[in-house]
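Structure, as structure tokens:
The values are calculated or read from the model by the stated rules, or taken from the named source; none is laboratory data. A quick note: this is a predicted structure, and the numbers were derived from the prediction, not measured. A quick note on method: Cβ atoms are made from the backbone with ideal geometry, for glycine too, and the neighbour counts reach across all protein chains shown. These accessible areas exclude ligands, DNA and RNA; they are computed on the full protein's heavy atoms, side chains included. Shrake-Rupley method; radii C 1.70, N 1.55, O 1.52, S 1.80 Å.
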Amino acid sequence: KHGRICMLATTGWIATDMGLRVPGEPFQVSTIEAHDAMVKFGNMPQILVWLGILEVLGFLAIVNMYEGNTGREAGDFGLRALYPSDPKGQYDMKLKELRNGRLAMLAYAGIVTVAVLTQDRWPFFDAVVKATGERRKAIAPASFCGSSARASHRGSSSAVACQAGPASKSLPFLRKPTNLEGLAGGEAEFDPIGFSDFFDVKWLREAELKHGRVCMLATLGFVAEQYYQFPGMTASPDALNRSEE
């Protein structure tokens, strides 16, 4: 249910940012202003009532399913438009809906967060360009409370947990990492969790390269094992259970 709602919400958000609007003066607002505009217009009570009715009916169907009174499956509301008739097609459709719904939940959360932080429209390219240009020093981004907290005066009565500073090129809503200069890729200024503030950046780069190389080999080996085996080694029908054999 949440996945379906987020798929609709993500589609609606992008469509609105692209300029599509429902006819009527109350609906000629931006995506960020939509909620407050609907509250002011008086639509929210009606929306809550109709959604409440649907939730009650859905809850009754779920109760009957739990009690074994019906053969209903989770999320099945009897809508069969574009629904495959063969079992394999039905399984594939369910799997696609699950995956797309999970992606939509992450996508909607990300879109809302970036839209509020940048006050810009999807796909937010203009906001990134502006953040890395002339306005970079004027931005007061949020920051994970790390080194900036340690840099504050310990004897001060008003402790400052996070301080504003230059913005990161990769993540304009976070501060610029200060310990990445001179490293390959350091110009991207990507260190969202602030590891470089607490650990030696050379040790971090060494570990990153080592883990990356191991994972590249592991990925190639995982795929190649299905088609090629070293002499004396037997093929496994399931690579996931290979370690148990």
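Key figures
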quantity	calculated
Accessible-area order (highest first, 1.4 angstrom probe) of the listed residues 33, 97	33, 97
Given charges at Cβ of Lys, Arg, Asp, Glu: the stretch 1-43 dipole, positive-most of 37, 14, 26	14
Only Lys, Arg (+1) and Asp, Glu (-1) charged, at Cβ; the stretch 1-96 dipole about Cα centre in debye	200 debye
Euclidean distance between Cα centres, the stretch 1-52 to the stretch 74-117, Å	20 Å
Heavy atoms of residue 116 accessible to a 1.4 Å probe, total area in Å² rounded to 10	80 Å²
About the Cα centre, charge dipole magnitude for the stretch 170-224 (Lys/Arg +1, Asp/Glu -1 at Cβ), debye	160 debye
Accessible surface, 1.4 Å probe, highest first, among residues 32, 53, 193	193, 53, 32
Mean accessible surface per residue for the stretch 19-59, computed with a 1.4 Å probe while every protein chain stays in place, in Å²	80 Å²
Accessible-area value, residue 198, 1.4 Å probe, nucleic acids and ligands omitted, Å²	110 Å²
Percent carbon-and-sulfur accessible area, the stretch 1-57, ignoring ligands, DNA and RNA, probe 1.4 Å	72 percent
Area accessible to solvent at residue 225, 1.4 Å probe radius, in Å²	40 Å²
